[in-house]
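The values are calculated or read from the model by the stated rules, or taken from the named source; none is laboratory data. Since we're looking at a predicted model, the values are computed, not measured. Positions of Cβ are generated from backbone atoms using ideal geometry, with glycine treated the same way; all protein chains shown enter the neighbour counts. Just so you know, the surface numbers come from the protein's heavy atoms only, side chains and all, with ligands and any DNA or RNA stripped out. Shrake-Rupley method; radii C 1.70, N 1.55, O 1.52, S 1.80 Å.
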Amino acid sequence: MTILILGQGAWGRAIGRVAQRQGHEVSFASHADADWPAVKPDYVFVALPVQHVRETLEHFPTLSVPVLSLCKGLEITTGKRVSEIISEVWNEPRVAALSGPTFASEISDGLPAICTIAAESEDLAKEFQAVLHQPSFRTYRSTDLIGVELGGALKNIYAIAGGACHGLKLGQNSMAGLLTRCLAEMTRIGVQAGAKAETFAGLSGIGDLMLTATSEQSRNFRLGTFLGKGYTVEQILPKLGGVCEGFPTTRAVHLNSAIPADSKPIVTQLHAVLYEGVPPINAVKNLLGRAPRDE
């Protein structure tokens, strides 16, 4: 099979190596290219910063081949998931998404990893699963495309919160409690959007949250850690060495009026820190000072 990966960052290249280990022919394209390569691929993988997906796709004509999104985030201006953007811009219904607890550096090194491939069509999920599944890269499949994409997007928000908890030195009790409530909040948001609650108990939900919200390898976690130590967003972002998807995704979820404010208290407080200059410790006090409620 021939696979064209749109995006030349570390994550796209890592999945490219996974595909090559399966014997597939892999090539890359970027937004700077004038057009697609001459040979039409069997599949296109999209591995772009989410806020640049729409603009980049509009630069290229549709190839009418199945597309796998490797992106984890939401578009600020519309709140849409990447699969929705791909279907809208390219008029391509055969779109799937890959998500789960995966760092690019470990994938590139061939270390074992597990992820989920989701598509509304189980046949399409099986098709992409067959393309990538191998002993060092185990894939599960799901038809809950909404849930898998939202899990991958929302966990980036909560990874910033986890980093802030770490940077503020609030302790392990606080971290465990915070991440548990983050999981409850992301599940609540997902179900309201049409996802299945059980998806957030899987690899693209709690699995990715556990990884990204506790590791220095995560740019989102590092952003939160620096915030907790008193640095500003403007000071931090240039130091992270790449796109921090949780930053714009926080904005997208905060602006989404379809998600009631009482369903996203952690997002609301994190948005206040990131975009309104509220000190992280004040956001913590605001969360802890809310009225008692049932779990």
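Give 76, 114, 85, 107 a once-over and let me know the one that is touching a residue at least 12 places away in the same chain (Cβ under 8 Å), over 15 Å from residue 146 (Cα atoms) and in a helix (DSSP H, G or I). From the options 76, 114, 85, 107, the qualifying one is 107.
Could you please let me know if residue 206 is closer than 22 Å to residue 82 by Cβ and either without any contact (Cβ under 8 Å) to a residue 40 or more places away in the chain or aromatic (Phe, Trp, Tyr) (or both)? So residue 206 fits the description; yes. For the range 257-264, the count of residues that are modelled with pLDDT of 95 or more, at negative phi and surrounded by 14 or more Cβ atoms within 10 Å (Cβ to Cβ) is at least one. Candidates are the residues of the range 1-32 that are of a type in the set (A, V, I, L, M, F, W, C) and over 16 Å from residue 69 (Cα atoms); the one that is surrounded by the most Cβ atoms within 10 Å (Cβ to Cβ) is 1.
Total residues in the range 235-256 satisfying the condition of being open to solvent by 60 Å² or more (accessible area, probe 1.4 Å), among the β-branched types (Val, Ile, Thr) and either touching a strand residue (DSSP E or B) at 6+ places or on another chain (Cβ under 7 Å) or not in a loop (DSSP other than H, G, I, E, B) (or both): the figure is 0.
In the range 247-272, the residues that are closer than 21 Å to residue 295 by Cβ form Cβ pairs under 7 Å with partners that are open to solvent by 50 Å² or more (accessible area, probe 1.4 Å) and part of a helix (DSSP H, G or I), at six or more places apart or across chains, as follows: 259/192; 263/188; 263/192; 266/181; 267/254; 268/254; 268/261; 269/286.
Only residues that are in contact with a Leu (Cβ under 6 Å, 6 or more places away or on another chain), free of Cβ contacts under 8 Å to residues at least 60 places away in the same chain and within 22 Å of residue 248 (Cβ to Cβ) were counted across the range 26-70, and they come to 4. When the range 180-212 is filtered for residues that are of a type in the set (A, V, I, L, M, F, W, C) and either under 15 Å from the mean Cα position of the chain (by Cα) or closer than 20 Å to residue 270 by Cβ (or both), the ones remaining, listed by number, are 182, 183, 184, 186, 189, 193, 200, 203, 206, 209, 210, 211. Residues in the range 119-161 that are of a type outside the set (Asp, Glu), in a helix (DSSP H, G or I) and open to solvent by 50 Å² or more (accessible area, probe 1.4 Å): 126, 130.
Restricted to the range 54-77, and to residues there that are of a type in the set (S, T, N, Q) and under 20 Å from residue 244 (Cβ atoms), the residue that is most open to solvent (accessible area, probe 1.4 Å) is 77.
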